[in-house]
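Here is the structure we will look at, set down as structure tokens.
We did not get these values from a lab; they are worked out from the coordinates using the rules stated. Bear in mind that the values here come from a model prediction, so they are computed numbers and not experimental data. Note that each Cβ is placed from the backbone with ideal geometry, even for glycine, and that neighbours are counted across all protein chains shown.
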Amino acid sequence: MFLEEAEISGAEPRAAAPAAPAAQPTTPPTTAALAEPVTPVRAGWTATLSLASLAVFLGFFTPIQILLPLQLEQLDPGRKAELLAWVTGTGALVAMVVNPLAGALSDRTHSRYGRRRPWILGGALLGAAGLLVTAGGHGLPGITAGWCLAQTGLNAMLAGVTAPVADQVPLSQRAQVSGWTGISQSLGLVVGALLVTLVGGGVPAGYALTAALTVALALPFVLGHREPVLPRGARAPSGRRVLLTGYWVSPRRHPDFGWSWLTRFLINLGNALGTLYLLYYLTDAVHLASPDQGVLVLTAVYTAAALLTAIPSGLISDRTGRRKRPVVVSCLTMAAAAVILALWHSWPATMAAAAVLGAGFGIYLAVDQALVTQVLPAAADRAKDLGVINIANSAPQVLAPALAAPLVAHLGGYTGLYLATAAVTLLAGALVHRIRGVA
């Protein structure tokens, strides 16, 4: 079940709960906007934030998994993998720059609408515009430019969507709420695949419908919930130098933050290696007659498995206070899925791998996000620091194409690719134990 929402309109701030062991705020949380949250959030708040998260990942994953591969295959069938790597890698570079910057600006936003909602709505509108520009691209430069514009808007939106969990959800609920918002990543894949394969209309119509839903799904949270307003005097210092130096969070001063970043980077690198060529894997290795339909089926299986594990693992994590052990379990499970894909190139084995991968990723989505919110260095920079963490989501999208293409071409084809995926994911699980300030 969804959980209860805090009434923040007109309420006096409660005394701040003790901060997580690893968090060391540099700005005293003297306002409701910066205080450690203690009031449980309600079902409606969690549901609408989850819809806004779904909007972001619908905008991200529908093009990456289906629309861009189809569009680039039409452009040049012989170079489809190379072109896809170029477009997604360039977009990921844009994401790495935009997400922390948008987060830093969100942290400093003084608005009667709060700090996060203006960025959610503005990012949704810009991201939708970028998707439409991508749909109209008739060559590689136009498609790349459109996708970079979409990445700019969607990452500004992502900065606004990820911060409310740290802003308003108490530690006792954080993994549960993170499970609901995190599962929207998987649902984004399902909804996007359904749009393209069942609604029909081709690639341009798929982009248009994705753009419309990106905006529509953000509106319930933006219009339906208030958030604490940051007083002008409580804003963190700004300026070009402050914003630029904010991209670096010293792992020496904040080691738990550094290890959290590295483990997330490795998990997402493994995920990027495993999913980048999924459509082509079904075509070239599994020899599936309808690979686009296959992606839809696999995504449904994956999402169902993730739904079965995300919320229960979040409940268990919140009740026990343990974060690291479930993340390790998720890494082991996802590595097992990669091994299945490496050794058995058949449709039944691929469906089994999708179920195993979904189960592991569901645990990861709920618990790792809760873990990350407990190692943020400063309350005044939550969105910026989460943006730095999100570089660990985007950077693998840049690195994975450079690694995946040689693996497929020279080191055993898809078998080598998925064994590398398993190895990277296992390394992430091993490094989780280096995080000391979280149980």
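Summary table below
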quantity: Highest-MSF residue in the chain out of 174, 79, 323 [GNM, Cα springs under 10 Å]; calculated: 79
quantity: Positive-end residue of 300, 238, 201, charge dipole of region 201-327 with Cβ unit charges; calculated: 238
quantity: The chain - mean residue ellipticity at 222 nm from DSSP helices (-39,500 (n - 2.57) per run, n ≥ 4, rounded to 500); calculated: -23500 deg cm²/dmol
quantity: Among 345, 410, 110: highest mean-square fluctuation, GNM of the chain, C-alpha pairs under 10 Å; calculated: 410
quantity: Between region 311-349 and region 406-439, the Cα center-to-center distance that results, in Å; calculated: 13 Å
quantity: Simple Cβ-charge dipole of region 263-361, Lys/Arg +1 and Asp/Glu -1, about Cα centre, in debye nearest 20; calculated: 620 debye
quantity: Cα-centre dipole for region 199-326 with unit charges at Cβ (Lys and Arg positive, Asp and Glu negative), debye to 20; calculated: 1020 debye
quantity: Packing-based exposure ordering (other Cβ within 10 Å, fewest first) of 51, 427; calculated: 427, 51
quantity: Order of 309, 283 under a 10 Å beta carbon neighbour criterion, fewest first; calculated: 283, 309
quantity: Selected from 305, 285, 33 as most flexible by GNM, with the chain as the system and alpha-carbon contacts under 10 Å; calculated: 285
quantity: Cα lying deepest toward the dipole's positive end in region 222-364, options 276, 225, 334, charges on Cβ; calculated: 225
quantity: Directionally averaged shadow of the chain, computed from the convex hull of its alpha-carbon atoms, nm²; calculated: 18.9 nm²
quantity: For region 320-410, alpha-carbon Rg and Dmax in angstrom; calculated: 16.4, 50
quantity: DSSP H segments from the chain that extend 24 Å or more along their own axis, Cα-based, with Kyte-Doolittle mean of 0.5 or above; calculated: 43-62, 80-107, 117-135, 140-168, 174-194, 291-320, 324-343, 347-373, 382-410, 413-431
quantity: P(r) of region 64-169 over all Cα-Cα pairs, binned every 10 Å from zero, in whole percent; calculated: 16, 41, 25, 14, 4, 0
quantity: Taking the C-alpha atoms of region 368-439, convex hull volume expressed per residue in Å³; calculated: 93 Å³
quantity: Fewest-first sequence of 240, 226 by Cβ atoms within 10 Å of each Cβ; calculated: 240, 226
